[in-house]
Amino acid sequence: MAQSAAPATGAPAITPISAKAIAPWAVFVGILALVLLYFVGAEQGATALISGEGVHEWVHDGRHLLGFPCH
Amino acid sequence: MNSISVRALLVRGMLAGLIAGALAFAVAYFLGESQVDAAIALEEAASHDHGAGGGEELVSRTMQATGGLATALLVFGVAAGGIAALVVCYALGRIGSFGPRATAALIAGAALLTVYIVPFLKYPANPPAVGNPDTIGKRTTLFFLMVALSLLLAVAAVIIGRRLAPGLGNWNATIVAATGFVLAIGLAYAFLPSFDEVGKDFPGSLLWKFRLSTLAVQSTFWAGFGLVFGYLADRLLLSSDGADTPRVATPVG
């Protein structure tokens, strides 16, 4: 008798959301979010897509206090 | 459940991330800024060849500490909140018999551990005036490598733990998987290069306070996200339990 992966408890069991339903959101939102995180965390530090120091200087304190390597 | 609830959870995750980002901003502003200011004062007092131009400031210190800091934390919040919400979407009902609130709290705790604490123990945050500009490329690469490695090892540990659970029981399977994770992280710590770039004159107490502040900022963010998102997800999923479709997500501006 195989034990079910989700044991029954007092709380109502939650049906997992199918991976197919999540995949398009995960790809699109994942890429957008990583681009945003890149601009907050690393742009104009180790690498630069935009020349100058404006982005780096603007998010400077946030970058330090979020723990990203800044300069 | 259909993709509508993925959408609804994603919207709530980004909203929770925004709120948690605002909380983290308060902590960063009141706890962290004084350390950043003190470090910048030391940097300027030393006034070695810092930067090429010197003098001219692109963004004033006041703007960096308010508008700039808020931008960074709120954008980080929405982006990290969106990703974490999708991870919760996948984890719901798959990691055991946890409800929406417990799942959100567990994922938020795991995120704090894997994307911040584990990399931080090897490559801790540095205040201004600490860190050699020549190694920024290498330090950035290794920091993000450590984040990626920690995430992959955590996912592997969860998968292995779930596989072992039927044979060993939940408690022992969790111990085995967690021990494996700690050992693998320890190996990475031992073999990846370290950096020791703290100047001899830089006060140790300031470095400690700065690093604790960054930990406080990240802990506030993830705790805030876990609790707010858990609350919102719980309301969404449990209120729509009997209904055909979940309630329509409230639009955020």
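Summary table
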read-out: Helix axis angle, B:69-91 relative to chain B longest principal axis, alpha carbon, degrees; value: 30
read-out: Under 22 Å from B:Lys209, Cα to Cα: lysines that are on another chain or at least 8 residues apart; value: B:Lys122, B:Lys200
read-out: Cα→Cβ-extended label distance, 7 Å offset, between A:Phe28 and B:Leu168, nm; value: 4.1
read-out: When chain B is reduced to its Cα atoms, the Kirkwood hydrodynamic radius in Å; value: 20.4
read-out: Angle in degrees between helix B:100-111 and the longest Cα principal axis of chain B, rounded to the nearest 10; value: 30
read-out: With Cα atoms, 0 to 90° folded angle of helix B:136-168 axis to chain B main axis; value: 20
read-out: Residue-averaged 222 nm ellipticity for chain B, from DSSP H runs of 4+ at -39500 (n - 2.57), nearest 500; value: -23500 deg cm²/dmol
read-out: Compactness of the protein assembly as shown, expressed as Rg and Dmax over alpha-carbon positions, Å; value: 21.3, 75
read-out: B:Leu121, A:Leu65 arranged by Cβ crowding within 10 Å, fewest neighbours leading; value: B:Leu121, A:Leu65
read-out: Environment charge of B:Pro193, counting only residues whose C-beta is closer than 15 Å and scoring Lys/Arg +1, Asp/Glu -1; value: 0
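Since every read-out is calculated from the coordinates, none of them should be taken as a lab result. All of these numbers come straight from a predicted model, not from anything done at the bench. No Cβ is skipped: glycine too gets one built from the backbone with ideal geometry, and neighbour counts run over all protein chains shown.
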